[in-house]
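J.: After the structure tokens below, expect a handful of questions from me.
None of the figures in this text is laboratory data; all of them are computed from the coordinates on show. Keep in mind it's a predicted model, so treat the numbers as computed, not measured. With ideal geometry, Cβ positions are generated from the backbone for all residues, glycine too; neighbour counts draw on all protein chains shown.
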Amino acid sequence: MSENIIKKTYTCIICPNGCDIEAEIKDGEILSITGHTCPKGEAYVHQELTAPTRTIATSVLVLGGELPLASVRLTNPIPKDKIFPAMEEIKKLTLTAPVKEGTVVLEKVCGLDSDVIVTKNVQVK
């Protein structure tokens, strides 16, 4: 095997199979992908190697609520390198009860095509 070939192993998170997938890369080009049991695994590794994305699920402060926090998530995955800037924007949020599930509390986080939405109702105390 050439010294320029890099092997990377991934555990696919797309479906319940959790395949261990191995990719061989040379000079930034994917030579092979093996170990996946469905096409989703191959697509996952391609994405991880070319443009990795992630989603965020966290919580924000709620004033006057029966709970101190409301859970929130992104509506779409964002580039992996934008996770920390997005979290900085989300950390600035403070909501006031009542908070309704599905409410958009931050549009286009970091200028991306993903909103922050509430995933749990929080009633007034």
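J.: Of the peptides 91-97, 67-73, how do they stack up when ordered by the mean number of other Cβ atoms within 10 Å, highest first?
T.: 67-73, 91-97
J.: Right, next: What distance in nm separates the simple spin-label points at THR75 and GLN123, each placed 7 Å from Cα in the Cβ direction?
T.: So the two model labels end up 2.8 nm from each other.
J.: So what is the relative contact order of segment 5-50, in percent, for Cα pairs below 8 Å that sit 6 or more residues apart?
T.: Values: 70 pairs, mean separation 15.1, N = 46.
Taking the mean separation of contacting Cα pairs over the length of segment 5-50, I get 33 percent.
J.: In deg cm²/dmol, rounded to 500, what helix-only [θ] at 222 nm does the chain give when every DSSP H run of at least 4 residues adds -39500 (n - 2.57) and the total is split over its residues? Kindly include the intermediate steps, with their values, before the conclusion.
T.: Numbers: 2 runs with 21 residues, N = 125.
It lands at -5000 deg cm²/dmol.
J.: While we're looking at this one, here's another question. Mean shadow of segment 57-118, computed from the convex hull of its alpha carbons, in nm²?
T.: Result: a mean projected hull area of 3.7 nm².
J.: In 5 Å bins starting at zero, report the fraction of Cα pairs in the chain per bin as a rounded %.
T.: Answer for the chain: a P(r) of 2, 10, 17, 14, 12, 12, 11, 8, 6, 4, 2, 1, 0, 0 percent.
J.: Output ³J(HN,Hα) for segment 113-125: one whole-Hz value per residue in order, computed from phi by the Karplus curve 6.51 cos²θ - 1.76 cosθ + 1.60 with θ = phi - 60°, and x for Gly and Pro.
T.: So the J values, rounded to whole Hz, are 7, 8, 9, 9, 10, 7, 10, 8, 5, 10, 7, 5, 4.
J.: Same structure, new question: Please list 3J(HN,Hα) in residue order for segment 89-105, calculated via the Karplus relation 6.51 cos²θ - 1.76 cosθ + 1.60 where θ = phi - 60°; whole Hz, with x for glycine and proline.
T.: Listing the rounded values in order: 5, 5, 4, 6, 6, 9, 9, 10, 5, x, 10, 9, 3, x, 5, 7, 10 Hz.
J.: In addition: Between the DSSP loop rule and a limit of at most 13 other Cβ atoms within 10 Å, which GluC sites (Glu not before Pro) in segment 39-122 are left?
T.: Counting only loop positions with at most 13 other Cβ atoms within 10 Å, the GluC sites (Glu not before Pro) in segment 39-122 are GLU66, GLU101, GLU107.
J.: About the Cα centre of the chain, how large is the charge dipole given +1 on each Lys and Arg Cβ and -1 on each Asp and Glu Cβ? Please answer in debye to the nearest 20.
T.: Dipole of the chain, to the nearest 20 debye: 580 debye.
J.: Over the chain, calculate the relative contact order: mean separation of alpha carbon pairs under 8 Å at least 6 apart, over the residue count, as a percent.
T.: 19
J.: Output the pairs from LYS8/LYS100; LYS7/LYS82; LYS26/LYS80 with a Cα-Cα distance over 31 Å in this structure; if there are none, say none.
T.: Beyond 31 Å: LYS8/LYS100.
J.: Using +1 at the Cβ of each Lys and Arg and -1 at the Cβ of each Asp and Glu in the chain, identify which of ILE117, TYR10, LEU49 lies farthest towards the dipole's positive end.
T.: Of the options given, the answer is ILE117.
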